[in-house]
Amino acid sequence: MMKFLFYMIFMIPLCFMVDMFWMVQFLLMLLMFLFMNCSLMYLNNNLSYMMSFDFISFGLILLSIWICMLMLMSSENLFKINYYINFFLINIMMLLILLFLTFSVMNLFLFYLFFEGSLIPTLLLIIGWGYQPERIQAGMYLMFYTLFASLPLLMGLFYMYNELNSMMIYFLKFFNMNFIILYICMILAFLVKMPMYFVHLWLPKAHVEAPVSGSMILAGIMLKLGGYGLLRVLIFLQEINLKLNYIWLIISLMGGFYISLKCFCQVDIKSLIAYSSVCHMSIVISGILVMNYWGYFGSYIMMIGHGLCSSGMFCLANINYERLHSRSLFINKGMMNFMPSLSMWWFLLMSSNMSAPPSLNLLGEISLINSLVSWSWLSMIMLMLISFFSAGYSLYLYSYTQHGKFYQGMYSFYGGVSREYLLLFLHWLPLNMMILKVEYFMIN
Amino acid sequence: MCTHFFFFLFFFSMLSFFFMIYFVMNNLVIFFEWELISFNSISIVMSMLFDWMTLLFMMFVLLISSVVIYYSKSYMSSDLNLIRFIILVLLFVLSMILLIISPNIISILLGWDGLGLVSYCLVIYYQNLKSYNAGMLTALSNRIGDVLILMVISWMLNYGSWNYIFYLNFMKNDLIMSFISIMIIMAAMTKSAQIPFSSWLPAAMAAPTPVSALVHSSTLVTAGVYLLIRFNMLILNTFFIKILLLLSMMTMFMAGVSANYEFDLKKIIALSTLSQLGLMMSILSMGFPDLAFFHLLSHAMFKALLFMCAGVIIHMMNDIQDIRYMGGISLYLPMTSLCLNISNMALCGIPFLAGFYSKDMIMEMVSFSNLNLFVFFFYYISMGLTMFYTIRLLMYMMINDYNLLSIYNLYDEDYVMLKSMMVLLFMSVISGSFLSWMIFYYPYMIYLPFNLKMMVIYVSLMGGVMGFLISNMKIYSVNKFIMTYNLSNFLCLMWFMPSLSTYGLSYYFLNFGYNLLKIVDLGWSEFYSGQGFMIILKKYSIFYNIFQMNNFKIYLFSFVMWMIIIMYMLIINI
């Protein structure tokens, strides 16, 4: 584990050098291939004093490196106009290091520390490289929603350390903390981070104001931190969770349906994609909280699939934004006339977003539906509605941006460049090809 | 490019034909599966089943798609995005084949979802508002079926495998299986456009005509029928099959009546497709899946041909589809009219054409079965209605005067289109007899009284005469329509189904979503978290600021208060 950490730490000086943008990107890709060579087992491997990874950490670390690499690729504009590019690079490196540590530490307190720490580079990304003055408010929303809920988590951790004298995640599975206040303290932070319905307001705001790299990391990894945290802390909260999970499940499932209806009222592309993330995450929350095998793996698969898919959709939104300087659906119209090849990518990513085969999202959705229907058949109603309206808003987004007449007030336009197509391809390929190797996600 | 793909698909069509013959002769079934993962003692597999039924259907799909692609060489020749079109058609064929060959409910999703998505792309191929709306209606109607299949997957988890063909026989009396059968029936109804969902099929005529020939007449819409043929062991003798029978008969009748009120050429053909789909579904739900399959195949041939002829005519008519402008086509386009007439005759079941074998057998089996009067009358009335709208269409297009603009350019020498139509013309003449010899091991024994036997001819003649009469109506007879305005409105708008499934539904959901956005996201959620929290904090910090700003006053005030308290205490003590 140390070798990967040192690899990333020693990349920091590189960030300060001139014209090392693509070098950093390339080295991140190399890091991912190095990391892929680690053997993957159900149990921990590469165990050191306080870092290790099992298959869930493995996938999420891979996803973080991949998304960070793609973030650099998508923000080539910053490099071209040299907009604080060194600071941008070091910010992303810090973010990656923190995410790596978050997913790989075995100590629950350290997990908390890095979990919160990863908020700071994200905040800097939004406030530093966002576009509108409202980004300050969006940053505040992001900061205080997550902090407000995670301070109780800190108190819960202190309590647990006082009681158990250990913070090792894999040690805690021998305990059963059947204590309602602790339960709420422990999971609320992650539910806000996911985000659950009712506490999701920070997400559309942050996405709308963030630059493309910020949106990608938010949708790609930040939401998954919540899911990862839930998967970890529910180990010692099993009994109380089985008693109380129906509350969160009802909120999530109803919320998923409501959110999918709200998507139809959005006129901002990024806001629509952000709302669709909330909708997907609501099913992931439900899958985690019912605590069966299908839900466990389904939510994991869905997190990976959604990370790639929504990140790719934010890239697409940004590609349009760079050309039209607007995210409004009324201006982003009829793009098929200008960029037919990009239209194909819109369609491919949109169809993955509505969990069409053979994407990871489909496998995740099938597993989550299996888990939820075996929990209660009544959840079928909401699942059907969510699944149906997911298709509805995906098609709405696709057809509104791609089909029909284009905006007449457009002054100039330029076609796609191969960097952008490569970027989208690198999102789409793992999303649809990894289904051929499901053993990476469902370990028996 | 089109020619290459024509040969490619034609080759595979012939290949599957010969394999089909080999499989029928040797009574052979090949089943293979590829395990994606085995998890929690259940395996997710990609399975493929090749038997004569699969191969025969594949042969028909490939044959029609090959000629359709060849036809598009001329029909779409001036289109800028021909490559996209061909790719989409090929993707469609691929997903259709994946649907046909997979007997596993998860791997069938690959084809099932693929059909919905690709057909969406094909419907919105043209960049106008009509195709936009039609595409959305098509995709969302089909999505209902996808969602139901997803739910079926979650229920089939109970049986430990998604290869349903292995246990349908043994589990059909199970309670869970009855839930599954409801959902399967509904999924099939969405794909095959049965009554609550039938508004998408006429709307999907916004697609290019080759697409209509391939997708909306012969292949995609029969996917639902095919799924139910595969599931027929499960749904036989259940209560839901009776509801399916009722709905499919109503579809058949509704489409037949609406076709008589329609003036759009493609929509008339679409409605006749809908009527035939209702026929297939209802004969399936009466327990004759092999007859449904037989009619599915023979219908695919002549209906694709009919659409291709319509495409030629639309081309010649300056893209006008209204049949009131047409007339005397047979004088100008003799070959096309030949194909059109033969396919129309096959549709009506004129003896020894393709439709005769399947349709006549269906009608006779219906008369032969133990059924109530309702089913009987609906069948025969719909049979008459088929003849009714066919003759009406022929009168408008072939016989009456040419009504289009004064300048026109009709020619019947587009040999690319004609050649591709000839293939289907051949098939729509012979496919009925060839299929009836090929796929039935034993002939059906049907024993009917004379009048019942002749009933088909009676209703057809009656329908034909009425079609002749209605097409000769002059301007004063419009008054008759006005007299029955409400009724004819109801009938010609497909029983208001398009309005109900678009504006009728979307308004409530959109309004609900809008209200939710206003009340929850921008209302209470903000009030209790973001903005509300800020307001409260602001209020209290202003309040505390008051203390900090008025230091001296408060000091004096507290001094006075303390003095009062001390004096009070002193008084109490005394």
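Among the listed residues B:LEU245, B:LEU227, B:LEU284, identify the single one that is assigned to a helix (DSSP H, G or I), crowded, with 24+ Cβ neighbours inside 10 Å and of a type outside the set (D, E, K, R).
Details: B:LEU245 fails: crowded, with 24+ Cβ neighbours inside 10 Å; B:LEU227 fails: crowded, with 24+ Cβ neighbours inside 10 Å.
Only one candidate qualifies: B:LEU284.
Do the conditions hold for B:ASP360, that is, is it farther than 18 Å from B:SER428 by Cβ and charged (D, E, K, R)?
Details: farther than 18 Å from B:SER428 by Cβ: no; charged (D, E, K, R): yes.
Considered against the rule, which asks whether it is farther than 18 Å from B:SER428 by Cβ and charged (D, E, K, R), B:ASP360 comes out as no.
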| note | The lone condition A:GLN402 fails out of (1) buried (at least 23 other Cβ atoms within 10 Å of the Cβ); (2) within 30 Å of A:VAL290 (Cα to Cα) is (2)
| field | Unique residue being surrounded by fewer than 24 Cβ atoms within 10 Å (Cβ to Cβ), more than 19 Å from B:MET186 (Cα to Cα) and in the same structural domain as B:SER428 (by TED's automatic domain parsing) when the list is B:PHE263, B:PHE239 | value | B:PHE263
| If a residue has to be charged (D, E, K, R) and within 9 Å of chain A (Cβ to nearest Cβ) to count, how many in the stretch B:519-549 make the cut? | 2
| field | Which numbered condition A:LEU40 fails, given (1) crowded, with 17+ Cβ neighbours inside 10 Å; (2) touching a helix residue (DSSP H, G or I) at 6+ places or on another chain (Cβ under 7 Å); (3) more than 23 Å from A:MET160 (Cβ to Cβ) | value | (1)
| Checklist (1) buried (at least 17 other Cβ atoms within 10 Å of the Cβ); (2) more than 8 Å from chain B (Cβ to nearest Cβ); (3) among the hydrophobic types (A, V, I, L, M, F, W, C) applied to A:LEU422, failing item | (1)
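Residues checked against (1) hydrophobic (A, V, I, L, M, F, W, C); (2) assigned to a loop (DSSP other than H, G, I, E, B); (3) in contact (Cβ under 8 Å) with a residue 12 or more places away in the chain:
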position: A:MET336; (1), (2), (3): yes, no, yes
position: A:LEU342; (1), (2), (3): yes, no, yes
position: A:TRP346; (1), (2), (3): yes, no, yes
position: A:SER351; (1), (2), (3): no, no, yes
position: A:ALA356; (1), (2), (3): yes, yes, no
position: A:SER367; (1), (2), (3): no, no, yes
position: A:VAL373; (1), (2), (3): yes, no, no
position: A:MET382; (1), (2), (3): yes, no, yes
position: A:ILE386; (1), (2), (3): yes, no, yes
| remark: Picked from the stretch A:7-22 (must be without any contact (Cβ under 8 Å) to a residue 60 or more places away in the chain and under 25 Å from the mean Cα position of the chain (by Cα)), the residue surrounded by the fewest Cβ atoms within 10 Å (Cβ to Cβ) is A:TRP22
| message | Please go through (1) surrounded by fewer than 24 Cβ atoms within 10 Å (Cβ to Cβ); (2) in a helix (DSSP H, G or I) for A:MET291 and return the number of the only condition it doesn't satisfy. | response | (2)
| query | If you check every pair at least six apart or on different chains, which have Cβ atoms under 6 Å apart with a residue in the stretch B:52-80 that is at pLDDT below 95 first and a residue that is of a type in the set (D, E, K, R) second? | reply | B:SER74/B:ASP414
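So, A:SER394, is that one within 9 Å of chain B (Cβ to nearest Cβ) and under 30 Å from A:LEU372 (Cα atoms) or not?
Working: within 9 Å of chain B (Cβ to nearest Cβ): no; under 30 Å from A:LEU372 (Cα atoms): yes.
Answer is no for this residue.
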| remark: Within the stretch B:490-518, of all residues that are more than 21 Å from B:LYS130 (Cβ to Cβ) and not hydrophobic (A, V, I, L, M, F, W, C), the one nearest to the other protein chains (Cβ to nearest Cβ) is B:GLY513
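Determine which member of the set B:PHE85, B:PHE8 is surrounded by fewer than 16 Cβ atoms within 10 Å (Cβ to Cβ), under 30 Å from A:MET336 (Cα atoms) and among the hydrophobic types (A, V, I, L, M, F, W, C).
Just one listed residue meets the conditions, B:PHE8.
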| said: B:VAL118 - would you say it is surrounded by fewer than 21 Cβ atoms within 10 Å (Cβ to Cβ), within 14 Å of chain A (Cβ to nearest Cβ) and either of a type in the set (Val, Ile, Thr) or in contact with a Lys or Arg (Cβ under 8 Å, 6 or more places away or on another chain) (or both)? | reply: no
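Residue by residue, here is whether (1) over 24 Å from A:ARG327 (Cβ atoms); (2) touching a Pro at 6+ places or on another chain (Cβ under 9 Å); (3) modelled with pLDDT of 95 or more holds:
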position: A:MET186; (1), (2), (3): yes, yes, no
position: A:LYS193; (1), (2), (3): yes, no, no
position: A:LEU201; (1), (2), (3): no, yes, no
position: A:ALA206; (1), (2), (3): no, no, no
position: A:GLY220; (1), (2), (3): no, no, no
position: A:LEU223; (1), (2), (3): no, yes, no
position: A:LEU234; (1), (2), (3): yes, no, no
| message | Quick check on the stretch A:397-419: of everything there that is within 9 Å of chain B (Cβ to nearest Cβ) and outside any helix (DSSP H, G or I), which residue is modelled with the highest pLDDT? | response | A:HIS403
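Is it the case, given these coordinates, that A:TYR159 is out of contact with any helix residue (DSSP H, G or I) (no Cβ under 8 Å at 6 or more places or on another chain), aromatic (Phe, Trp, Tyr) and not in a loop (DSSP other than H, G, I, E, B)?
Values: out of contact with any helix residue (DSSP H, G or I) (no Cβ under 8 Å at 6 or more places or on another chain): no; aromatic (Phe, Trp, Tyr): yes; not in a loop (DSSP other than H, G, I, E, B): yes.
Judged against the criteria, A:TYR159 is not a match.
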| query | Checking B:ILE21 against (1) surrounded by 19 or more Cβ atoms within 10 Å (Cβ to Cβ); (2) among the aliphatic types (A, V, I, L, M); (3) at pLDDT 90 or above, which single condition isn't satisfied? | reply | (1)
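Any idea which residue in the stretch A:236-250 is farthest from the other protein chains (Cβ to nearest Cβ), counting only those that are surrounded by 19 or more Cβ atoms within 10 Å (Cβ to Cβ) and either part of a helix (DSSP H, G or I) or without any contact (Cβ under 8 Å) to a residue 24 or more places away in the chain (or both)?
Applying the first criterion (surrounded by 19 or more Cβ atoms within 10 Å (Cβ to Cβ)) to the stretch A:236-250 yields A:236-237, A:240-241, A:245, A:248-249.
Adding the requirement that they be either part of a helix (DSSP H, G or I) or without any contact (Cβ under 8 Å) to a residue 24 or more places away in the chain (or both) leaves A:236, A:240-241, A:245, A:248-249.
On the way: A:PHE236: 23, A:ILE240: 25, A:ASN241: 20, A:ASN245: 18, A:TRP248: 16, A:LEU249: 16 Å.
Top of the filtered list is A:ILE240.
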| Which condition number in (1) within 14 Å of chain B (Cβ to nearest Cβ); (2) within 19 Å of A:PHE111 (Cβ to Cβ) is the one that A:GLY229 fails? | (1)
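Any residue in the stretch A:313-327 that is hydrophobic (A, V, I, L, M, F, W, C) and assigned to a loop (DSSP other than H, G, I, E, B)? Show your work before the answer.
So the first thing to find is which residues in the stretch A:313-327 are hydrophobic (A, V, I, L, M, F, W, C), and the list is A:313-317, A:319, A:324.
Next, from what is left, pick out any that are assigned to a loop (DSSP other than H, G, I, E, B): none.
No, that holds for no residue.
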| said: Residue under question is B:THR222, and the condition is that it be assigned to a helix (DSSP H, G or I), in contact with a Leu (Cβ under 6 Å, 6 or more places away or on another chain), under 22 Å from B:PHE293 (Cα atoms) and hydroxyl-bearing (Ser, Thr, Tyr); does it hold? | reply: yes
| Is it the case that A:TYR83 is over 26 Å from A:TRP428 (Cα atoms) and outside any helix (DSSP H, G or I)? | yes
| Quick one: which of A:TYR145, A:TYR141, A:TYR197 is out of contact with any Leu (no Cβ under 6 Å at 6 or more places or on another chain), within 14 Å of another protein chain (Cβ to nearest Cβ) and surrounded by 24 or more Cβ atoms within 10 Å (Cβ to Cβ)? | A:TYR197
| query | Since B:SER258 meets every condition but one in (1) farther than 30 Å from B:LEU56 by Cα; (2) among the small types (Gly, Ala, Ser); (3) surrounded by fewer than 24 Cβ atoms within 10 Å (Cβ to Cβ), which condition does it not meet? | reply | (3)
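Identify all residues within the stretch A:187-209 that are of a type outside the set (Lys, Arg) and in contact with a Gly (Cβ under 6 Å, 6 or more places away or on another chain); write none if there are none.
If the condition is that a residue be of a type outside the set (Lys, Arg) and in contact with a Gly (Cβ under 6 Å, 6 or more places away or on another chain), then A:PHE190, A:MET194, A:TYR197, A:LEU201, A:GLU209 are the ones that fit.
For (1) over 30 Å from B:ASN40 (Cβ atoms); (2) of a type outside the set (Gly, Ala, Ser); (3) at pLDDT below 95, each residue gets a yes or a no:
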{"site": "A:ASP268", "(1), (2), (3)": "yes, yes, yes"}
{"site": "A:GLY295", "(1), (2), (3)": "no, no, yes"}
{"site": "A:ILE319", "(1), (2), (3)": "yes, yes, yes"}
{"site": "A:HIS325", "(1), (2), (3)": "yes, yes, yes"}
{"site": "A:LEU329", "(1), (2), (3)": "yes, yes, yes"}
{"site": "A:LYS333", "(1), (2), (3)": "yes, yes, yes"}
{"site": "A:MET336", "(1), (2), (3)": "yes, yes, yes"}
{"site": "A:LEU342", "(1), (2), (3)": "yes, yes, yes"}
{"site": "A:PRO357", "(1), (2), (3)": "no, yes, yes"}
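The values are calculated or read from the model by the stated rules, or taken from the named source; none is laboratory data. No experiment lies behind these values; they were computed from the predicted model shown. Please note: Cβ atoms are built from the backbone with ideal geometry, for glycine as well, and neighbour counts cover all protein chains shown.
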